[in-house]
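The structure under discussion appears below in the form of structure tokens.
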Amino acid sequence: HRRFTADEVLRMTEAGIFGEDDRIELVGGEVLEVSPQGPEHGSLKDELHAWLARAYAENRAHILNQRPLRAGTFGLPEPDLAVVTGSPRDYPDRHPAGRDTLLVIEIAKSSQERDRLKAADYARGGVPVYWLLDLDARRLDIYTDPDPEAERYRQLRSLGEDESAELPIAREAWDVRSLLP
């Protein structure tokens, strides 16, 4: 068993070992295949993308949709959504890194275990806020205060349907119920 680095996976992609259309991500140094999205997941992700774009329109940020994010040495996950500082033109020669993000969101219907594993990569990469929207449990887990050395978040809050979550720097709060299908 060998762990790969993000740089190694990027070089393998450039060399054609992994194609641009291969659905893979690097989580904890392991190259994993990404499952196809179901219609519920895809439509919810599209809706949240539009909401995030509106919420962050005046904050010099843009939204990544299923794009690679450098998350430490051994992480190159493709989060469902990520709010990234600056404009897309600020990243012509590199993938955004955790330090470039304001918020990362994963939507989990059947991927809860993998998405919880990604929390270590996101913490290692310095992602300040990670939301895991668990559709089956009908809750939003909010990870904050990353500890890159320990590869974990110091704070975890689980919010039920009747609670609301504040968007980092956007001065907006969303009801968890409104995020669920």
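The values are calculated or read from the model by the stated rules, or taken from the named source; none is laboratory data. These numbers come from a predicted model, not from an experiment. Cβ sites come from the backbone with ideal geometry, for glycine too, and all protein chains shown count toward neighbours. Note: areas computed on protein heavy atoms with side chains; ligands, DNA, RNA excluded. Shrake-Rupley method; radii C 1.70, N 1.55, O 1.52, S 1.80 Å.
Tell me yes or no: at least one residue of region 150-157 is at pLDDT 95 or above, on the phi > 0 side of the Ramachandran plot and basic (Lys, Arg). Checking region 150-157: not a single residue is at pLDDT 95 or above, on the phi > 0 side of the Ramachandran plot and basic (Lys, Arg). Of the residues making up region 83-115, those that are free of Cβ contacts under 8 Å to residues at least 24 places away in the same chain and surrounded by fewer than 12 Cβ atoms within 10 Å (Cβ to Cβ) are 89, 92, 93, 113. Scanning region 1-12 for residues that are open to solvent by 40 Å² or more (accessible area, probe 1.4 Å) and polar (S, T, N, Q) turns up nothing. Restricting attention to region 55-65 and to residues that are without any contact (Cβ under 8 Å) to a residue 24 or more places away in the chain and within 19 Å of residue 79 (Cα to Cα), the residue that is surrounded by the fewest Cβ atoms within 10 Å (Cβ to Cβ) turns out to be 65. Of the residues in region 21-38, how many are touching a helix residue (DSSP H, G or I) at 6+ places or on another chain (Cβ under 7 Å) and of a type in the set (D, E, K, R)? Number satisfying all stated conditions: 0. Applying the criterion of being closer than 21 Å to residue 41 by Cα and part of a strand (DSSP E or B) to the residues of region 169-181, the residue that is least open to solvent (accessible area, probe 1.4 Å) is 174.
For residue 78, are the conditions met, namely being of a type outside the set (Val, Ile, Thr) and touching a strand residue (DSSP E or B) at 6+ places or on another chain (Cβ under 6 Å)? For residue 78, the condition - of a type outside the set (Val, Ile, Thr) and touching a strand residue (DSSP E or B) at 6+ places or on another chain (Cβ under 6 Å) - is met.
Pull up region 137-168, narrow it to residues that are acidic (Asp, Glu) and part of a strand (DSSP E or B), then point me to the one that is surrounded by the most Cβ atoms within 10 Å (Cβ to Cβ).
141
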